[in-house]
């Protein structure tokens, strides 16, 4: 009887191991097949508006209304460029981060509203790497990637803010507007503002996290690459200081989010 139970347990372990192995293989095949030439995402997966929910979650983070309007091209691009500047860099290194990059998760993790300045350093120090140089290189790559992402985002953000300013002024000059139209227009202006504000807050938090991580490396495994990271971090901080467009509010307020009423089936006319 004991021998029979032992055989059953052995068979169960083998089947479980095969099941997990097959699941992991399927995930890798899916991720691999999703990429086209030169690392681009296949058109069948990458579609317009995959990060449209970024504005929704930014609004939820401050208990602001959510617009029912369609997104403009620049508003779509704003959300696409905002996502990697809000997603923590240590989450980007995980195998499932591709799901968020492609907009498949359709939400932000709650802890992203507030940055733990020690989280990045913990990931950096605890990750398995063959030498301390690799840790410095990882940190420098993360800092440099953020430097490269700032300018494209700021350019689009300026255009969106300019158009929203014109849209807000137009509301007082258009003779016939329904209540839902006014509410949704103001909600969309608010969403765009909050996305830009969230990115600004995230960048400031990330710079502080990178600084904390660099200091931990210098204390524990001092190495010449620290000089390169220091230069990259100084560049990042200067780019952040030059790209302030709005004043960020407090994110992460948990409350029921008011939603503007749905739009009527036809455009209001005289």
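Going residue by residue through the range 88-107, is there one that turns out to be within 30 Å of residue 181 (Cα to Cα), at pLDDT 55 or above and in the same structural domain as residue 191 (by TED's automatic domain parsing)? Looking for residues that are within 30 Å of residue 181 (Cα to Cα), at pLDDT 55 or above and in the same structural domain as residue 191 (by TED's automatic domain parsing), one finds none in the range 88-107, hence no.
Annotation for the range 122-136: at least one member residue is out of contact with any helix residue (DSSP H, G or I) (no Cβ under 6 Å at 6 or more places or on another chain), surrounded by 12 or more Cβ atoms within 10 Å (Cβ to Cβ), at negative phi and not in a helix (DSSP H, G or I). Checked against the criterion of being at pLDDT 95 or above, surrounded by fewer than 13 Cβ atoms within 10 Å (Cβ to Cβ) and part of a helix (DSSP H, G or I), the range 204-217 has at least one qualifying residue. Inclusion of residue 81 among residues that are assigned to a helix (DSSP H, G or I) and at pLDDT 90 or above is warranted. The residues of the range 218-230 that are in contact (Cβ under 8 Å) with a residue 60 or more places away in the chain and not in a helix (DSSP H, G or I), listed by number, are 221, 223, 225. For the range 161-175, the criterion of being in contact (Cβ under 8 Å) with a residue 12 or more places away in the chain, closer than 26 Å to residue 115 by Cβ, in the same structural domain as residue 228 (by TED's automatic domain parsing) and in contact with a helix residue (DSSP H, G or I) (Cβ under 8 Å, 6 or more places away or on another chain) is met by at least one residue.
The values are calculated or read from the model by the stated rules, or taken from the named source; none is laboratory data. On a predicted model such as this, the values are computed, not experimentally measured, just so you know. For neighbour counting, all protein chains shown are included, and Cβ atoms are generated from backbone atoms with ideal geometry for every residue, glycine included.
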